[in-house]
Amino acid sequence: MKIGIILGTRPEIIKMSPIIRYCEKLSIPFFILHTGQHYSYEMDSLFFKQLMLPNPTFNLNIGSGSHAVQTAKILIGVEEIISREHPSIVLVQGDTNTVLGGALAAVKLHIPIGHIEAGLRSNDRTMPEEINRIVTDHLSNYLFTPTICAQNNLISEGIQKDKIFSVGNTIVDSVNYNLSIANSQYSQMNIYSLSPKQYVLVTLHRAENVDSVSRLKKIFQGLTSIINDYNYPVILPVHPRTKRMIEQEKISFGNILLINPVGYLEFLNLEFNAKIILTDSGGVQEEACILGVPCVTIRENTERPETIEVGSNILAGTEPDSIIRCFCAMLEKKYEWSNPYGDGKAGERIVECLKTKLL
Ligand code: UD1
Ligand code: UDP
């Protein structure tokens with residue numbers, strides 16, 4: 001058995017890391033094919049370094065571009081490598097263009113596909129990620145679902161039950177593995193003059209939010225009220241997509257503390273100590289829930305409905321009033337929920353499943 005691990009962005013590196021580590025532990029042959037969708041040091045190499053992952057075996061260096069250009073370059077590059085390397089299976093994780101391109105290249109070469117984090121649905125087809133999820137799920141041979149809800153989504157779309165494996169989310173494995181290192185060695189409190197549970201952590205990068213000047217301005221208006229009216233400092237590690245927009249359009253960010261994207265260990269520490277997290281990220285909604293930190297999601301919908309159901313998360317949309325209302329609603333929220341994403345052994349389960357099926 002040889003596993004082809006395809007990844008390309010920050011969250012894929014983080015969520016694939018438990019699988020890579022377990023393959024190394026069992027000496028299972030694998031290669032890492034990095035598409036290069038993310039390439040800036042703080043969105044890419046920093047994670048390989050911090051998570052102590054082996055360097056990618058191949059890097060396509062496809063970089064940024066429109067959806068068509070990016071996906072097409074991934075298709076061409078992945079086809080070339082996997083037709084030469086003959087993996088027994090390729091693994092893709094999540095919902096990025098890397099996932100779509102990787103899966104499409106593999107299926108045409110009759111190479112089996114394992115989709116990690118299968119079955120998520122926002123039911124919003126204007127999101128590029130939703131299209132990537134649906135197509136990838138329907139091309140895949142092994143669908144590794146994080147929750148019962150994800151499993152049910154697949155069944156309701158007619159996917160055969162024997163292709164679905166309920167394993168939990170590898171983000172729990174990652175949090176468990178890294179949290180104590182983050183808190184003991186990577187505290188950010190003094191660096192940014194923050195006190196535990198006395199500040200708000202924000203991330204923003206979703207295309208529908210940050211590619212629109214008016215939406216981004218409205219979100220910043222909401223964040224500014226949190227600082228001025230509620231007296232909480234707001235820290236925002238800025239995704240390069242958002243940074244580009246702020247600079248190009250000269251968007252005023254007032255006294256929001258904008259910092260460069262940080263490594264996983266720094267970010268876990270910022271999440272762990274936050275009073276509330278405001279975000280449009282998928283992975284951050286999950287981590288807030290796992291870490292027991294209330295979350296306000298700056299979107300109209302979420303493909304992580306279990307976070308809403310357990311009470312860790314609330315949908316605010318992007319209007320300043322609604323952001324403030326939801327912030328206040330979550331301010332005194334007690335950590336009484338249990339984590340719906342499993343026991344932190346998803347990575348092991350995925351590799352053990354592949355061993356049984358493919359060896
Ligand atoms: C991508 C994924 C999104 C995921 C996110 C994780 C798609 C369609 N979107 O969005 O689902 O949540 O990654 O962060 O696959 N840029 C840099 N350096 C980098 C990467 C990007 O400067 O290393 C800038 C470029 O200006 C680029 C822009 O960010 O045009 C957007 O990058 P791209 O990979 O297209 O999408 P993301 O917004 O990162
Ligand atoms: N993250 C990080 N540094 C940051 C911001 C986020 O390490 O400055 C991590 C975060 O802990 C989470 C992941 O990046 O695991 C989420 O990635 P992102 O929000 O880019 O993508 P999404 O999950 O929305 O696809």
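The values are calculated or read from the model by the stated rules, or taken from the named source; none is laboratory data. Just so it is clear, the model here is predicted, and its values are computed rather than measured. Methodologically, a virtual Cβ is constructed for each residue, glycine included, from the backbone with ideal geometry; neighbour enumeration extends over all protein chains shown. Only protein heavy atoms, including side chains, enter the accessible area calculation; ligands, DNA and RNA are left aside. Shrake-Rupley method; radii C 1.70, N 1.55, O 1.52, S 1.80 Å.
Using Cα pairs under 8 angstrom and six or more residues apart, how large is the relative contact order of the chain, in percent?
Relative contact order of the chain: 16 percent.
So what are the radius of gyration and Dmax for the Cα set of the chain, in Å?
19.7, 60
Taking a cut-off of 21 Å between Cα atoms, list the lysines near Lys161, but don't count ones fewer than 8 places away on the same chain.
The qualifying lysines are Lys355, Lys357.
Would you list His38, His67, His115 from the most to the least accessible area, probe 1.4 Å?
Largest accessible area first, the residues go His67, His38, His115.
What order, most packed first, do the peptides 80-87, 13-20 have when packing is the mean number of other Cβ atoms within 10 Å of each residue?
The densest-packed peptide leads the list: 13-20, 80-87.
Got a number for the accessible area of Ile28? Probe 1.4 Å, square angstrom, nearest 10.
20
What is the ratio of the Cα radius of gyration of the stretch 179-331 to 2.2 N^0.38 Å, where N is its residue count, to two decimals?
Compared with the compact-globule rule of thumb, the stretch 179-331 sits at 0.96.
Can you give me the % of accessible surface on the chain that is carbon or sulfur? Probe 1.4 Å, all protein chains present, nothing else counted.
50
Top mean-square fluctuation among Thr242, Thr57, Thr307, Gaussian network model of the chain, C-alpha springs under 10 Å?
Among Thr242, Thr57, Thr307, the largest GNM mean-square fluctuation belongs to Thr57.
Taking only protein heavy atoms into account and a 1.4 Å probe, give the accessible area per residue of the chain in Å².
40
What ranking, highest mean first, results for peptides 138-149, 310-321, 163-174 when packing means the other Cβ atoms within 10 Å averaged over each residue?
Highest-to-lowest ranking by the protection proxy: 163-174, 138-149, 310-321.
Mind checking which of Glu309, Glu79, Glu271 has the largest fluctuation in a GNM of the chain, springs on alpha carbons under 10 Å?
Highest fluctuation of the listed residues: Glu309.
Can you return the lysines within cross-link range of Lys49? Criterion is Cα-Cα under 23 Å, with same-chain partners fewer than 8 residues away left out.
The qualifying lysines are Lys15, Lys25, Lys345.
How large is log10 of I(q)/I(0) for the stretch 271-359 at q = 0.25 Å⁻¹ when the intensity is taken from the Debye formula with one equal scatterer per alpha-carbon?
The calculated log intensity ratios at q = 0.25 Å⁻¹ are -1.22.
With a 1.4 Å probe and all protein chains kept in place, how much accessible area does Met52 have, in Å² rounded to the nearest 10?
Looks like 130 Å² after rounding.
Mean Kyte-Doolittle of at least 0.5 plus a Cα span of 15 Å or more along the axis: flag which DSSP H helices in the chain meet both, please.
In the chain, the long hydrophobic H runs are 97-108, 320-331.
Which of Gly168, Tyr232, Thr297 sits closest to the plus end of the dipole of the chain, meaning its Cα is farthest towards the positive end, when Lys and Arg get +1 and Asp and Glu get -1 on the C-beta?
Gly168
Number of Lys pairs in the stretch 209-307 with C-alpha atoms less than 18 angstrom apart, excluding same-chain neighbours closer than eight positions?
4
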